[in-house]
């Protein structure tokens with residue numbers, strides 16, 4: 001039986017999805033989604049252990065996606081790491097305020113990514129997060 005943690009990587013850039021998948025697939029069961037709306041549909045039927053989330057996407061941004069999943073009790077506890085080239089201090093603060101566990105800049109360093117994922121998976125679960133959203 002395969003007991004790899006399931007990671008959902010959400011990004012509208014196919015190359016970025018491929019790079020993340022290549023970095024992580026030896027250790028994790030990586031699923032990919034080309035949009036936030038596609039990811040919301042996927043989450044209706046599949047439980048994941050962690051989400052890697054781009055911010056700048058068409059139709060629904062990563063911030064909007066975070067807002068949606070943090071309102072849903074089924075998804076409140078899923079650690080989310082923002083993976084974005086949109087890494088201003090303001091955007092990082094905004095992401096964390098809206099439920100991201102951590103942020104990492106593109107281009108991604110594989111070692112840093114693995115460290116942040118392991119820390120997020122081991123972190124205590126959030127209690128009563130974002131009740132004001």
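The values are calculated or read from the model by the stated rules, or taken from the named source; none is laboratory data. A quick note: this is a predicted structure, and the numbers were derived from the prediction, not measured. Virtual Cβ from ideal backbone geometry, glycine too; neighbours counted across all protein chains shown.
Suppose we filter region 39-55 for residues that are surrounded by 16 or more Cβ atoms within 10 Å (Cβ to Cβ) and either without any contact (Cβ under 8 Å) to a residue 12 or more places away in the chain or touching a strand residue (DSSP E or B) at 6+ places or on another chain (Cβ under 7 Å) (or both); how many remain?
So the first thing to find is which residues in region 39-55 are surrounded by 16 or more Cβ atoms within 10 Å (Cβ to Cβ), and the list is 39-40, 43, 48-55.
Next cut, either without any contact (Cβ under 8 Å) to a residue 12 or more places away in the chain or touching a strand residue (DSSP E or B) at 6+ places or on another chain (Cβ under 7 Å) (or both) only: 39, 48-55.
Summing the residues that are surrounded by 16 or more Cβ atoms within 10 Å (Cβ to Cβ) and either without any contact (Cβ under 8 Å) to a residue 12 or more places away in the chain or touching a strand residue (DSSP E or B) at 6+ places or on another chain (Cβ under 7 Å) (or both) in region 39-55 gives 9.
Which is in a helix (DSSP H, G or I) and either over 18 Å from residue 5 (Cβ atoms) or in contact with a helix residue (DSSP H, G or I) (Cβ under 8 Å, 6 or more places away or on another chain) (or both), of 78, 104, 69? Even if it seems obvious, please write down each step before you answer.
Details: 78 fails: in a helix (DSSP H, G or I); 104 fails: in a helix (DSSP H, G or I).
Going through 78, 104, 69 in turn, the sole match is 69.
Looking at 125, 96 in this structure, which one is assigned to a loop (DSSP other than H, G, I, E, B), modelled with pLDDT under 90 and more than 15 Å from residue 9 (Cβ to Cβ)?
125
Would region 90-100 turn up any residue that is farther than 21 Å from residue 123 by Cα, surrounded by fewer than 20 Cβ atoms within 10 Å (Cβ to Cβ) and in contact (Cβ under 8 Å) with a residue 12 or more places away in the chain?
Here is the first cut: in region 90-100, the residues farther than 21 Å from residue 123 by Cα are 90-91.
Next cut, surrounded by fewer than 20 Cβ atoms within 10 Å (Cβ to Cβ) only: 90-91.
Okay, now just the ones that are also in contact (Cβ under 8 Å) with a residue 12 or more places away in the chain, so 91.
There is at least one residue in region 90-100 that is farther than 21 Å from residue 123 by Cα, surrounded by fewer than 20 Cβ atoms within 10 Å (Cβ to Cβ) and in contact (Cβ under 8 Å) with a residue 12 or more places away in the chain.
Can you report the number of residues in region 108-125 which are touching a residue at least 60 places away in the same chain (Cβ under 8 Å) and closer than 20 Å to residue 89 by Cβ?
We begin by selecting, within region 108-125, every residue touching a residue at least 60 places away in the same chain (Cβ under 8 Å); these are 108, 110, 113-114, 117, 120-121.
Filter again for closer than 20 Å to residue 89 by Cβ, leaving 108.
Residues that pass the stated criteria total 1.
Counting just the residues of region 101-119 that are at pLDDT 95 or above and closer than 19 Å to residue 69 by Cβ, which one comes out surrounded by the fewest Cβ atoms within 10 Å (Cβ to Cβ)?
Filtering first and then ranking leaves 116.
From the set of residues in region 18-37 that are in contact with a strand residue (DSSP E or B) (Cβ under 8 Å, 6 or more places away or on another chain) and in a helix (DSSP H, G or I), which is surrounded by the fewest Cβ atoms within 10 Å (Cβ to Cβ)?
Going through the qualifying residues, I end up with 21.
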